Amino acid sequence: MEFPSSTFLKSSSPSSINGQFIDSLCESDGVSKLKIPEVKFTKLFINGQFVDSVSGKTFGTRDPRTGDVVAEVAEGDKEDVDIAVKAAREAFDHGKWPRMSGFDRGRVILKFADLIEQHGEEIAMLDSIDSGKLVNLTKAFDIQFATNCLRYYAGAADKIHGETLKCTGEFQAYTLKEPVGVVGHIIPWNFPTVLFAAKAAPTLATGCTMIFKPAEQSPLSALYLAYLAKEAGIPDGVINVITGYGPTAGAAISSHMDVDAVSFTGSTEVGKLVMGAAAASNLKTVSLELGGKCPLVIFNDVDINMAVQTAWQAVFFNKGEVCIAGSRIYVQEGIYDEFLKKVTDNVKNWVVGDPFDPQVHQGPQVDKEQFDKVLRYIESGKREGATLLTGGKAIGEKGYYIEPTIFTDVKEDMLIAQDEIFGPVMSIMKFKTIEEAIEKANNTKYGLAAGILTNDLNTANRVSRSIRAGGIWVNCYLITESSIPFGGYKMSGFGMDSGLQALEKYLKVKSVITPIYNSPWL
């Protein structure tokens, strides 16, 4: 699936070299015109019911346009995780979901996808109000990806099977692929609906049951999706949602003795904690999709306008809150100066503002913590000697808006070249030779993805085989499909989301061997 091209450039009259800021907080008469969707579900979802947390505690989920609390959501803790795991275990050990045929599970998953499609606008608005995502883009991409993902794995549900094996003696052997059991899913805030579907779909297809812990910044869509799952006919206990914080609810899932597998998407630092908790408890299966600091390597022979548009999309899509953001831009020296001029011109047409406004291209960062973190990295870039080409400042008096920011003269050892910023910050660096480009691209602890722009097939083949990353885009960027495996090298984690390979995370292989007597053949 390609991210819609309309997400990243739209002509409008610039107010300054740093683009525009549309303040949608009030009309000219001072009356607020902020759109706030109705929030229907704020309690934990356990065993098919919405319930209060055991402690009765709640926490506020905030609108990043203003910082104001949108809703009070139940704060789950270890006791709530215990209840949810018990429900998921009962549903797995004695419920009908693992005992349904793959074909029948697929039919229910298809209905789930249809319901998400029908309620797509409401779900998109919840993700926008929680995370600052562009509502039109969320409807066009996130909802479509989620429904496509569920339909893809619905088709796979009745195609999970083992193998018949040859033995050297008078024996026959075969393998079974069995559901692993109860799965814990811990998902981040940048693509709440996409990642809920990407985790739930293969887990459902294999016959497992699960507990979700959405990010505390974006809990609303997960609760709505759980409600739709029940409406679709997914049995009680199969999908449970515990809203709360990572150090409490997330840690309880990772260390729970009755959770058989945990799948985590988020930062490398937290991924290490999840892995440690899994090892210290019951050695549960772990899969991690972690951080990235992805290079986009642009060669002299490429069309300059295509290169600028691809680089812009790679960095500023979803306000830079993307693990596969191509935030390290390497431009070959022959086109470097022209690239700088054209990429700076792009800023003039870039509109920052209310994500509910269709004229806007970039909404606010997800919360105050992330907003402050991005600004600290910008200050670090300036302090370490990089040249600030454009941007670099917060916008407006309310909310968490940041100008699209471009640095040049960036050195490999600078923090802005090494750390995952997760914000609208582009670092542009120059290179001469293919060998230099490969060396620079691999000069990172991460290995999630990379991009290559060239018209030379030999260059594309050589560089794509030389960069140590889980996904390589050639003459494109951010193209994702449910059929394409997605995962990283090095400190970007292990285990695949998407593709048929994702099913393997939720399956165990069992070998069965029996003797055979008087067989006419072996």
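The values are calculated or read from the model by the stated rules, or taken from the named source; none is laboratory data. The structure presented is a predicted model; accordingly, all values stated were derived computationally and were not measured. Using ideal geometry, Cβ is built from the backbone for each residue, glycine included, and neighbour counts are taken over all protein chains shown. Heavy atoms of the whole protein, side chains included, go into the accessibility calculation; ligands, DNA and RNA do not. Shrake-Rupley method; radii C 1.70, N 1.55, O 1.52, S 1.80 Å.
So what does log10 I(q)/I(0) come out to for the chain at q = 0.06, 0.09, 0.13 Å⁻¹, using the Debye formula with one equal point on every Cα and no solvent? With one equal scatterer per Cα and no solvent, log10 I(q)/I(0) is -0.30, -0.65, -1.26. Within the shell defined by Cβ-Cβ distances under 15 Å, the residues around R383 carry a net charge of -2, with Lys and Arg each +1 and Asp and Glu each -1. Filter the trypsin sites (Lys or Arg not before Pro) in segment 95-171 down to the DSSP loop ones having no more than 16 other Cβ atoms within 10 Å, then list what survives. Of the trypsin sites (Lys or Arg not before Pro), the ones in loops of segment 95-171 whose Cβ has at most 16 other Cβ atoms within 10 Å are K96, R99, K159, K166.
Within the straight-line cut-off of under 12 Å between alpha carbons, the aspartates and glutamates reachable from K510 are E163, E178, sequence neighbours fewer than 8 places apart in one chain being disregarded. The apolar share of the surface of the chain, taken as the fraction of accessible area on carbon and sulfur atoms (1.4 Å probe, ligands and nucleic acids excluded), comes to 52 percent. Considering only C-alpha atoms, what is the centroid distance from segment 315-383 to segment 43-91, in Å? The distance from the Cα centre of segment 315-383 to that of segment 43-91 comes to 34 Å. Binning all Cα-Cα separations of segment 28-97 at 10 Å, short to long from zero, yields these whole-percent fractions: 17, 35, 25, 15, 7, 2, 0. 3J(HN,Hα) along segment 218-225, derived from phi through the Karplus expression 6.51 cos²θ - 1.76 cosθ + 1.60 where θ = phi - 60°, amounts to 9, x, 5, 5, 4, 5, 5, 5 Hz, with x in place of Gly and Pro.
Which semi-axis lengths, in whole Å and largest first, follow from the square roots of five times the eigenvalues of the Cα gyration tensor of segment 218-314? Could the numbers behind the result be given before it?
Details: eigenvalues 266, 93, 26 Å².
Semi-axes from the Cα gyration tensor: 36, 22, 11 Å.
Please find the FRET efficiency linking I484 to T168, where r is the Cβ-Cβ separation and R0 is fixed at 60 Å, and quote it to the nearest 0.05. Efficiency, from the Cβ-Cβ distance: 0.95.
Using the Cα gyration tensor of segment 319-451, with a ≥ b ≥ c the square roots of its eigenvalues, what is the shape: rounded (a/c below 1.5), prolate (a/b larger than b/c) or oblate (neither)? Don't skip to the end; give the middle numbers.
Numbers: a/c = 1.86, a/b = 1.55, b/c = 1.20.
Prolate shape, in that a/c is at least 1.5 and a/b is the bigger ratio.
The modelled label-to-label distance for the pair Q49/E439, using points 7 Å beyond Cα in the direction of Cβ, is 6.5 nm. For the chain, the share of DSSP beta bridges that are antiparallel, to the nearest 5, is 45%.
Let's test the formula: R0 of 35 Å, r as the Cβ-Cβ distance of D345 and S267. What FRET efficiency results, to the nearest 0.05? Present the calculation step by step, with values, prior to reporting the outcome.
On the way: r = 34 Å, r/R0 = 0.97.
Result of the calculation: an efficiency of 0.55.
Which whole-number value in Å² is the accessible area per residue of segment 323-448, probe 1.4 Å? Walk me through the numbers on the way to the answer.
Working: 4690 Å² over 126 residues.
In whole numbers, segment 323-448 has 37 Å² accessible per residue.
Computed over segment 140-185, the percent of Cα pairs more than 17 Å apart is 62. Inter-label distance, V509 to N458: 4.0 nm, where each label sits 7 Å from its Cα along the C-beta direction. Karplus-derived 3J(HN,Hα) values for segment 85-101, using 6.51 cos²θ - 1.76 cosθ + 1.60 with θ = phi - 60°, are 5, 4, 5, 5, 5, 4, 5, 7, 6, 10, x, 8, 4, x, 9, 6, 5 Hz; glycine and proline are entered as x. Exposed loop sites here are GluC sites (Glu not before Pro) in DSSP loop states with at most 10 other C-beta atoms within 10 Å. What is the longest stretch of the chain lacking them? That would be 39-396.
Among the trypsin sites (Lys or Arg not before Pro) in segment 356-436, which ones are in a DSSP loop with at most 16 other Cβ atoms within 10 Å of the Cβ? Mind listing them?
Here the sparse-neighbourhood loop sites are K393, K398, K411, K432.
Charge tally for I234 (other residues, Cβ to Cβ under 12 Å; Lys, Arg +1; Asp, Glu -1): +2. Looking at the calculated P(r) for segment 465-522, what percent of the C-alpha pair distances fall above 19 Å? Here the long-distance tail beyond 19 Å is 53 percent of all Cα pairs in segment 465-522.
If you count only protein heavy atoms with a 1.4 Å probe, what accessible area per residue comes out for segment 128-227, rounded to a whole Å²? Walk me through the numbers on the way to the answer.
On the way: 2800 Å² over 100 residues.
Computed with neighbouring chains in place, this is 28 Å² per residue.
Amide H to amide H distances under 5 Å link W473 with A450, G451, I452, where only residues 5 or more positions off or on other chains count and H is placed in the peptide plane. Using every pair of distinct Cα positions in segment 405-498, the Kirkwood expression returns a hydrodynamic radius of 14.5 angstrom.
Within 12 Å, Cβ to Cβ, of E439, how many net charges do the neighbouring residues add up to if Lys/Arg are +1 and Asp/Glu are -1? List each step's numbers first, then the result.
On the way: positive: K432, K440, R468; negative: E412, E435, E436.
Counting the neighbours of E439, the net charge comes to 0.
For the residue pairs K139/K430; K199/K368; K166/K445; K96/K133, the C-alpha atoms sit more than 32 angstrom apart in K139/K430; K166/K445; K96/K133.
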